Amino acid sequence: MSIPPPPGPQEPHAQGQYPGQQPAHQYPPGQYPQGPYPPRQQYPGGAWGQPYGTYGTYPRRPPVNGLAIAAFVLGVLCCVPVVGLVLGLIALARIRKRGERGKGLAVAGSVLSSVGLALWVLSLSTGAAADFWDGFRDAARGEGTAYALEKGECFTTPSGSLRGVTYDVDQVPCAREHDGEVFAVFDLPGGVFPGDGEITRIADERCYALQDTYAMDRWALPADVDVYYLTPTSQSWRGGDREVTCLFGNTDERGTLTGSLRNDGTTLDPDQHAYLTAEFQLNLAMDEMPAAQTVGEDLAGYRTWAGRVSTALDRETGMLRGHSWPATAERPVAELVEDLDTAREEFGLASEAADSDTYYEHLDKALLLIEADSTVTARESLGLDSTPPVYEEAGDGGGESPGKKV
């Protein structure tokens with residue numbers, strides 16, 4: 001909607017008559033009536049004998065001092081109390097000298113700034129100001145929030161639980177009691193929010209695959225440890241959150257951990273790292289066991305799996321033979337390689353089994369060789385954990401024992 005401009009100096013305000021309105025007096029354009037006017041009346045002087053002036057004139061009010069306004073604003077905001085106090089004092093001096101208005105504003109600004117200055121001094125002496133600034137800085141960086149955790153960090157949550165929704169965490173040394181230890185962090189692709197179910201599926205798949213890059217020795221993983229993850233919510237997604245944090249936590253929702261679970265290239269010696277890298281080949285193949293409850297339900301699937309394990313054992317023994325071991329570990333590792341070679345043959349025979357009974361016969365022999373005394377001895381010679389994990393037999397659930405995560 002446009003608004004017409006006001007009438008110019010040459011345009012009359014009225015453009016006609018409204019019904020029932022008396023004709024207005026007309027004057028030539030640009031002219032106004034010039035009198036005659038009644039003579040101006042003189043009034044007697046005021047209480048102090050000063051003349052008020054003639055009829056129709058009033059004394060001009062002094063302006064409000066600008067510094068007084070500024071002092072009041074700074075006093076209310078309490079952002080720079082020193083400046084507010086100085087401006088208030090200057091304003092009071094100028095108001096007295098010039099007769100300006102704004103004394104109340106100047107006084108109020110000075111008082112508020114004085115209070116603010118006293119609070120600042122108190123906070124500086126107790127360290128509260130530094131704590132406030134550190135908290136503000138950390139919040140700006142995202143520190144102290146779930147999405148700011150990095151690999152290798154341990155933390156506690158306000159609720160003491162790794163389930164549900166959490167918006168902030170407290171990082172603590174891993175040597176202390178904690179709720180979770182981060183072992184991997186990755187970002188989801190951008191775009192629209194894929195839904196909680198899809199994010200959970202991706203997190204579950206990738207976090208379990210990444211755990212071995214951080215805790216390479218599955219034998220050393222405690223029985224009460226499981227994999228958890230922190231994922232974006234629909235609200236945090238709108239704010240740009242795409243980060244999934246994979247972490248270890250206690251199998252008991254209210255349980256805690258103490259000490260770091262990390263064993264990788266940063267904590268292992270070269271010989272330990274070489275051994276676990278070779279063993280990782282077998283772990284990957286073992287993880288691919290079919291989901292069928294019994295071999296009879298999916299003989300073909302179990303035969304394929306046995307073939308993959310046989311191939312993995314071939315890679316593992318090749319890597320073990322190719323490394324130069326210390327003198328104390330040469331013989332134990334050589335004996336382990338012999339047992340693994342035999343286990344590889346048994347898995348190969350299982351992959352060709354014509355029936356379930358034949359399959360179980362070769363599988364049982366292979367599993368005993370994998371967890372034979374030679375494996376324990378080789379690990380002991382390298383300073384690695386020597387307590388074997390417990391696998392469920394194939395066909396007894398198609399998974400791993402809850403007693404020891406593998």
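Cα convex hull of region 143-258: mean projected area in nm², to one decimal? Write out the running numbers ahead of the final one.
On the way: hull surface 27.6 nm².
Directional mean of the projected Cα hull area for region 143-258 stands at 6.9 nm².
Note on R238 and E380: the model spin-label points, each 7 Å out from Cα along the C-beta direction, lie 6.2 nm apart.
3J(HN,Hα) couplings calculated from phi for region 170-187 with the Karplus curve 6.51 cos²θ - 1.76 cosθ + 1.60 (θ = phi - 60°) are, in sequence order, 10, 6, 9, x, 5, 5, 8, 5, 8, 8, x, 10, 6, 10, 6, 9, 8, 9 Hz; Gly and Pro show x. Computed from point charges on the beta carbon alone (+1 for Lys and Arg, -1 for Asp and Glu), the dipole magnitude for region 143-258 about its Cα centre is near 180 Debye. Each residue of region 264-271 is assigned a 3J(HN,Hα), and the resulting list reads 9, x, 7, 10, 9, 7, x, 6 Hz, derived from the Karplus form 6.51 cos²θ - 1.76 cosθ + 1.60 (θ = phi - 60°), x at Gly and Pro. With no solvent and one point per C-alpha, what does the Debye sum give as log10 I(q)/I(0) for region 231-275 at q = 0.14 Å⁻¹? These q points yield log10 I(q)/I(0) values of -0.65.
Based on the convex hull around the alpha carbon atoms, region 270-382 presents an average projected area of 6.4 nm².
Proximity of backbone amide H atoms, modeled 1.01 Å from N, is registered between E243 and L188 at under 5 Å, excluding neighbours fewer than 5 places apart on the same chain. Once you put a point 7 Å from the Cα of A220 and another 7 Å from the Cα of R163, both along the Cβ direction, what distance in nm separates them? Once both label points are built, they end up 3.1 nm from each other. The dipole here belongs to region 270-382: it is taken about the Cα centre, uses +1 on the Cβ of Lys and Arg and -1 on the Cβ of Asp and Glu, and is about 380 debye.
Each reported figure results from applying straightforward, stated rules to the coordinates on display, with no laboratory input. It should be emphasised that the depicted structure is a prediction, and the values quoted were computed from it without experimental measurement. No Cβ is skipped: glycine too gets one built from the backbone with ideal geometry, and neighbour counts run over all protein chains shown.
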